[in-house]
Amino acid sequence: MNALKTTFLLTLLTLLLVLAGAYFGGRNGMVIAFLIAAGMNFFSYFFSDKIALSMYRAQPVTREQLPRAYAVVERMTQRLGLPMPKIYVIPTDSPNAFATGRNPQHASVAVTHGILNLLNDEELEGVLAHELGHVKNRDILTSSIAATLAGAITVLARMGFWASLFTGYGGDSRDRRGGGLGALLMLILAPIAALLIQLWVSRTREYEADATGAHITGNPYALASALEKLDAYSKRLPMQASPTNAHLFIVAPMISARDLSGLFSTHPPIPKRIERLIGRSSVYGAPNR
C-alpha cells in the first residue's frame, strides 16, 4: 500500500510539472526546467551521502570500536541479503540515526553517541533494522526522483514569473489567464504543492521503513519503544540539522519541523508510527501527545 501511495504521489508531481510547463512555456519550458533541476539533483544523488556525513562530523568506526552495532547490522544484512554498509558515529548526545547512500552497494549507516547510550540492545536493533529498511527499499533513489520533480516545478515557476514580468511572455494567452496575477499565484502555489507532495513521499517512506524494520526483527515493540524514547529525548536535546537532509534521520532532528501541526514535517507523528507498529499510540501506557 505504501509503495502504491508513493507511486501515486510521484505521478502527481509529474502531472504538476506538466501543467506548470504548459502554463508558462509549453513543452520547451518544461524540458528546460526539468534539465536544470535534474542536473542539480544528479550531484546531490551521487554525493549527498558524503555531504551529510561530513556535515554532522560523522566518523567511520571499525568492528573493534563498535562491536555492538556491527553485530546487529551484520545479522540484519544477512537476513535481507544486503552488503555490509559502512558504520559511522556522530559526536552528539542528541539521540538519532540515519542511513544514506545511492544504493545498497554504497550505503552508510550513522548513529549518534546519544542513541548508543539511550537504547537497549533490542531497541537499537529495531532502529538499525529501520535504517536498513531504507537501504533495501532504495528510498534514496525515491527521494531523489521526488526532489528532481519538485525542483523542476520550482525552477519553472520562477522562470515563467520573471519572463512574464520583463518580457511580456505569453501575450494574449497570458492576459486570458489573469496576467501577472496568475503568474504570481503559480509562482507561489506550484512550489508549495510540489513541496507538500515531496514531504508526503518522505513520510510514506518512513512508514515503509518502520514496517520493514519490524518484519526483519520480528519485534515491533522494540522499534516502537525506541521511537518513543527518541521522540522524548530528542526534544530535550534537539539536534540542529539542515532542512536539505533532515528527512534522513529516524526522528525529526529539529523541533521546528513540527510547526503548523506537522504539515511541513518530513516525518509522520511518532504516535501514529507507534500505533501502526503495535496498535496503540504509546508503548508505556499514556497516549503520546
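Observations, loosely collected:
- Residue separation of Leu15 and Val31 scaled by 0.36 nm, minus their Cα-Cα distance, works out to 4.4 nm of gained length.
- Calculated from backbone phi, Karplus (6.51, -1.76, 1.60) coupling profile of region 99-116 in Hz, x at Gly/Pro: 10, 8, x, 6, 7, x, 6, 10, 8, 9, 10, 10, 10, 8, 4, x, 6, 5
- Over the Cα atoms of region 34-104, the radius of gyration divided by the Kirkwood radius equals 1.05; this is the Rg/Rh ratio.
- Inter-part distance, region 214-250 to region 93-133, computed on C-alpha centroids, equals 9 Å.
- Sorted by Cβ neighbour density within 10 Å, fewest at the top, the residues Phe47, Phe34: Phe47, Phe34
- Extension gain for the segment Lys50 to Gln78, taken as residue separation times 0.36 nm less the Cα-Cα distance, is 7.6 nm to one decimal.
Read-outs throughout are calculated quantities, based only on the coordinates presented, and are distinct from any laboratory measurement. Keep in mind it's a predicted model, so treat the numbers as computed, not measured. Note: ideal-geometry Cβ built from the backbone for every residue, glycine included; neighbour counts use all protein chains shown.
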